[in-house]
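The values are calculated or read from the model by the stated rules, or taken from the named source; none is laboratory data. No experiment lies behind these values; they were computed from the predicted model shown. Heads up, the Cβs are rebuilt from the backbone with ideal geometry, glycines too, and the neighbour counts pull from every protein chain shown.
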Amino acid sequence: MTSDQAGRIHRALDGFAIELPSWGFANTGTRFGKFVQPAAASTLEEKFSDAGQVHSLTGACPTLALHAAWDLPGGAADGPATLALSRKFGVRPGSINPNLFEAQCYKFGSFGNPDETVRAAAHAHVADCIAAARAVGSRDVSLWFADGSNYPGTANIRQRRDWFVDGLRRSHALLSGDERLLVEYKPFEPAFYHTDIADWGMALLLARAAGPRARVLVDTGHHYQSQNIEQIVAWLLAEGMLGGFHFNDRRYADDDLTLGSIDPYQVFRIFHEIALYEHETGARADIAFTIDQSHNLKGKIEAMIQTVAMAQALHAKAAIVDRDALLAAQKKSDVIGAETLLQDAFSTDVRPAIAEWRRARGLPVDPLIAFRASGYLERITAERGGRGAPGGSYA
Ligand code: LRH
Ligand code: MN
């Protein structure tokens, strides 16, 4: 590790923040069940408290993504109480995620529902979320739609597309300042024949149709097995339409496993494409990094700390790619030369440089060991443990 590389890692980590999902601290499950963890968070205060732990130990996650129905049932009216929790635990409210998939009325969709009263209800929910975002000082309203169908011929795909254009335009018109709409795509689940926003192209065209404050959100778990995700990232960067990520890992589908647990090279390649874009354009990519995982078997706070540390390590590895040498190798089609530059960076042990970065900022060298020694888990298990099994489907 050269001192130049260590310096690049420290600068990269100084500029790196990743948002925590409130639902990642709560008891979640699969359609086959939910294994309850006594220490799991179920109130917004507990979610902010746990996020505060992760941020205080890693120094890299100053914001908490909130899911409207689960965290802000009162919408904007919950603003003052939410800001009080934010001040108490030192983590700011992050992206606001409308919930357009749980209510019974959304059986046949939300923005894409043939019933215009349901579409109007969905529009109103997103409007409430935009007001809630403004009330807590959040910039992003992050939209994911479960909308789609399960059988051929049962949905008018073009008609539903038009309704999405209309709905997103209505929502976009309510934005102000630097507020953004993030449009997340997903190829399937819970719909298993067609999903209205199924891939990056559909999300890009809809975001463009909505207006200049709309961007595309890439959830790493929302791709077919053989899709080249970093190529999609490169295209969205080139189009100026990449707004954010939901990071997780998967072996099969939208498994929502912890980042880098299955294919760490995947996330490294994504960070590399972003770093190369910034290197070549001199522009800072305006991207919101967020974790979107469900921790069914791992301790939720430990899984979150593990994820943030992995994200920092992969971001650090991408920061030390010799990009000038890479561009030269690419220019003369030096295949092995170019490939080796990426592999060298990926196989570099960046842990000593990260430990130095943490030490210099008064952070524990190993946040997971520090968490285990803190007694926090024992304390919240005692405080929260007595509660029975929580209700609710996802979180
Ligand atoms: C859908 C999704 C979406 C969330 C949910 C918790 O699969 O990725 O981002 O709202 O998970
Ligand atoms: Mn997601």
Item checked: region 206-227: number of residues that are more than 14 Å from ligand 2 (Cβ to nearest atom), buried (at least 21 other Cβ atoms within 10 Å of the Cβ) and under 27 Å from T154 (Cβ atoms) -> 3
Note to self: Please verify whether A203 is buried (at least 23 other Cβ atoms within 10 Å of the Cβ), within 16 Å of ligand 2 (Cβ to nearest atom) and either within 19 Å of the chain's Cα centre (by Cα) or not acidic (D, E) (or both), treating the condition exactly as stated.
What the structure shows: yes
Checklist line | Among (1) at negative phi; (2) touching a residue at least 60 places away in the same chain (Cβ under 8 Å); (3) of a type outside the set (V, I, T), the one test that R251 misses | finding: (2)
Margin query: Looking at (1) within 16 Å of ligand 2 (Cβ to nearest atom); (2) under 17 Å from the mean Cα position of the chain (by Cα), which one does L100 not meet, given that it meets all the others?
Written below: (2)
Margin query: Checking the condition touching a residue at least 12 places away in the same chain (Cβ under 8 Å) and among the aromatic types (F, W, Y), which residue from F32, F48 passes?
Written below: F48
Next item on the list: Tell me, yes or no, whether region 276-295 has at least one residue that is surrounded by 22 or more Cβ atoms within 10 Å (Cβ to Cβ), among the aromatic types (F, W, Y) and in a strand (DSSP E or B).
Entry: no
Note to self: Can you pull out every residue in region 255-265 that is within 15 Å of ligand 2 (Cβ to nearest atom) and either surrounded by 18 or more Cβ atoms within 10 Å (Cβ to Cβ) or free of Cβ contacts under 8 Å to residues at least 12 places away in the same chain (or both)?
What the structure shows: D256, L257, T258, L259
Next item on the list: Just name the residue that is farthest from G282 (Cα to Cα) out of those in region 208-242 that are touching a strand residue (DSSP E or B) at 6+ places or on another chain (Cβ under 9 Å), away from ligand 1 (no atom under 13 Å from the Cβ) and assigned to a loop (DSSP other than H, G, I, E, B).
Entry: G211
Item checked: In region 285-306, the residues that are among the aliphatic types (A, V, I, L, M), away from ligand 1 (no atom under 14 Å from the Cβ) and within 26 Å of L182 (Cα to Cα) -> A285, I287, A303, M304, I305
Check: Of G211, G201, which residue is farther than 16 Å from H246 by Cα and touching a helix residue (DSSP H, G or I) at 6+ places or on another chain (Cβ under 7 Å)?
Finding: G211
Check: Which one of the conditions (1) at pLDDT 95 or above; (2) more than 21 Å from the chain's Cα centre (by Cα); (3) within 16 Å of ligand 1 (Cβ to nearest atom) does R87 fail to meet, given that it meets all the rest?
Finding: (3)
Check: Quick check: anything in region 122-142 within 17 Å of the chain's Cα centre (by Cα), assigned to a loop (DSSP other than H, G, I, E, B), within 30 Å of V91 (Cβ to Cβ) and more than 13 Å from ligand 1 (Cβ to nearest atom)?
Finding: yes
Checklist line | Lone qualifier among F268, F245 - being within 15 Å of ligand 1 (Cβ to nearest atom) and either surrounded by 15 or more Cβ atoms within 10 Å (Cβ to Cβ) or among the hydroxyl-bearing types (S, T, Y) (or both) | finding: F245
Next item on the list: Just name the residue that is farthest from ligand 2 (Cβ to nearest atom) out of those in region 142-181 that are of a type in the set (S, T, Y) and buried (at least 22 other Cβ atoms within 10 Å of the Cβ).
Entry: S171
Margin query: Among the residues that make up region 300-314, is at least one of them out of contact with any Ser or Thr (no Cβ under 9 Å at 6 or more places or on another chain), outside any helix (DSSP H, G or I), surrounded by 14 or more Cβ atoms within 10 Å (Cβ to Cβ) and among the aliphatic types (A, V, I, L, M)?
Written below: no
